[in-house]
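Asker: Here it is, the structure in full.
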Amino acid sequence: MKSLSLTVVLIAVFVATGQAQFEEPEITKIGDDKKAWFSNEFEDIKWVGKGFYGRTVLDERQTNEIRARLQGLYGDPTKTIGDLINKEDFRPAQAIQFEYWFVVDDSIPMMLLDIDGPFGRGLVYAGASKYIDLMPQIKRYFAKEMMAIEDLPPYQDYYYSIERKKWFNVTHKDGQYRTKEISSPPGMSY
């Protein structure tokens, strides 16, 4: 009887403190219409990647494939290099292929971005430090949902590699991934 009472008390404490485990978090992608809201809502957040420990099958996947899976599940990225390149304060160190911004269960901010454009594997995850205990479970759920995508849709991105000092057109079409060196993207002045 004592162990049952202790179990009930522990469950009540986890629920009351917001540390209860959730089976299926609601993950909402931030689109163009909500970027300003997201930036304002979470401007004071201390972003960390530490909580996203624990390997998933997604961590070993080529970024090109992950990008196609993201496209299939969430549509276009929240931000691409095209959003950054023509800004006055752009620096090559900011070069990304894509960023996806999310809100988990209406209150937990999360960002995903590529590590090395089409040349990398896995993603960089960032979340609010106060939710660090929930991040491993969010990552596992997210990876499970991503791997459930069977038909990978087409996409097209640009990527600037700092190490190579070159531009690339990155695509997925008809089941083929292509990374083609280009002089620069059309309309981008960098």
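Asker: State the number of residues belonging to the range 125-165 that are out of contact with any Ser or Thr (no Cβ under 9 Å at 6 or more places or on another chain) and open to solvent by 50 Å² or more (accessible area, probe 1.4 Å).
Answerer: Of the residues in the range 125-165, 11 are out of contact with any Ser or Thr (no Cβ under 9 Å at 6 or more places or on another chain) and open to solvent by 50 Å² or more (accessible area, probe 1.4 Å).
Asker: Here is a further query. Output the number of the condition that residue 82 fails; it satisfies all remaining conditions of (1) open to solvent by 40 Å² or more (accessible area, probe 1.4 Å); (2) modelled with pLDDT under 90; (3) outside any loop (DSSP other than H, G, I, E, B).
Answerer: (1)
Asker: Moving on to the next point. Can you tell me which of 111, 146 is in a helix (DSSP H, G or I) and within 22 Å of residue 49 (Cβ to Cβ)? It would help to see each step written out before you state the result.
Answerer: Details: 111 fails: in a helix (DSSP H, G or I).
From the options 111, 146, the qualifying one is 146.
Asker: Checking the structure you have, find out if any residue of the range 149-158 is touching a helix residue (DSSP H, G or I) at 6+ places or on another chain (Cβ under 6 Å) and acidic (Asp, Glu). Full working, then the answer.
Answerer: Looking only at the range 149-158, we keep the residues that are touching a helix residue (DSSP H, G or I) at 6+ places or on another chain (Cβ under 6 Å), and these are 149, 152-153, 155, 158.
Still in the list and also acidic (Asp, Glu): none.
For the range 149-158, residues touching a helix residue (DSSP H, G or I) at 6+ places or on another chain (Cβ under 6 Å) and acidic (Asp, Glu): absent.
Asker: Would you confirm whether any residue within the range 176-186 is modelled with pLDDT of 95 or more and either in a loop (DSSP other than H, G, I, E, B) or open to solvent by less than 10 Å² (accessible area, probe 1.4 Å) (or both)?
Answerer: There is no residue in the range 176-186 that is modelled with pLDDT of 95 or more and either in a loop (DSSP other than H, G, I, E, B) or open to solvent by less than 10 Å² (accessible area, probe 1.4 Å) (or both).
Asker: Within the range 118-140, how many residues are among the hydroxyl-bearing types (Ser, Thr, Tyr) and in a helix (DSSP H, G or I)? Steps first, answer last, please.
Answerer: Keep residues of the range 118-140 that are among the hydroxyl-bearing types (Ser, Thr, Tyr), which gives 125, 129, 131.
Add one more test, that the residue is in a helix (DSSP H, G or I), and what stays is 129, 131.
Here the count works out to 2.
Asker: Tell me which residues, restricted to the range 62-78, are assigned to a loop (DSSP other than H, G, I, E, B) and open to solvent by 30 Å² or more (accessible area, probe 1.4 Å).
Answerer: First, pick out the residues of the range 62-78 that are assigned to a loop (DSSP other than H, G, I, E, B): 75-78.
Across the range 62-78, the qualifying residue is only 76.
Asker: Sticking with this one: Just give me the residues in the range 97-126 being more than 10 Å from the chain's Cα centre (by Cα) and within 22 Å of residue 40 (Cβ to Cβ), in sequence order.
Answerer: 103, 104, 105, 106, 107, 108, 109 - these are the residues of the range 97-126 that are more than 10 Å from the chain's Cα centre (by Cα) and within 22 Å of residue 40 (Cβ to Cβ).
Asker: While we're on this one: Checking residue 32 against (1) modelled with pLDDT of 95 or more; (2) closer than 30 Å to residue 168 by Cβ: exactly one of these is not met. Which one?
Answerer: Condition not satisfied by residue 32: (1).
Asker: Another question about this same structure. Please enumerate the residues belonging to the range 69-96 that are of a type outside the set (S, T, N, Q) and more than 23 Å from residue 162 (Cα to Cα). Explain how you work it out, then say what you get.
Answerer: Pass one, the range 69-96, residues of a type outside the set (S, T, N, Q): 69-70, 72-77, 79, 81-85, 87-93, 95-96.
Of everything in the range 69-96, those that are of a type outside the set (S, T, N, Q) and more than 23 Å from residue 162 (Cα to Cα) turn out to be 69, 70, 72, 73, 74, 75, 76.
Asker: Then there is this: Criterion first (modelled with pLDDT under 95, open to solvent by less than 90 Å² (accessible area, probe 1.4 Å) and of a type in the set (A, V, I, L, M)) does residue 12 satisfy it? Don't jump to the end; show me each part of the working.
Answerer: On the way: modelled with pLDDT under 95: yes; open to solvent by less than 90 Å² (accessible area, probe 1.4 Å): yes; of a type in the set (A, V, I, L, M): yes.
Yes, satisfied.
Asker: Here's another thing I want to ask about it. Just name the residue that is farthest from residue 119 (Cα to Cα) out of those in the range 85-100 that are touching a residue at least 40 places away in the same chain (Cβ under 8 Å) and open to solvent by 30 Å² or more (accessible area, probe 1.4 Å).
Answerer: The selected residue is 86.
Asker: When both residues are 6+ apart or on different chains and their Cβ atoms are under 9 Å apart, which pairs have a first residue that lies in the range 17-36 and is more than 20 Å from residue 77 (Cβ to Cβ) and polar (S, T, N, Q), and a second that is modelled with pLDDT under 95 and open to solvent by 80 Å² or more (accessible area, probe 1.4 Å)?
Answerer: 19/133; 21/14
The values are calculated or read from the model by the stated rules, or taken from the named source; none is laboratory data. Just so it is clear, the model here is predicted, and its values are computed rather than measured. Note: ideal-geometry Cβ built from the backbone for every residue, glycine included; neighbour counts use all protein chains shown. Each accessible area value is taken on the protein alone, full model and side chains, heavy atoms only, with ligands, DNA and RNA left out. Shrake-Rupley method; radii C 1.70, N 1.55, O 1.52, S 1.80 Å.
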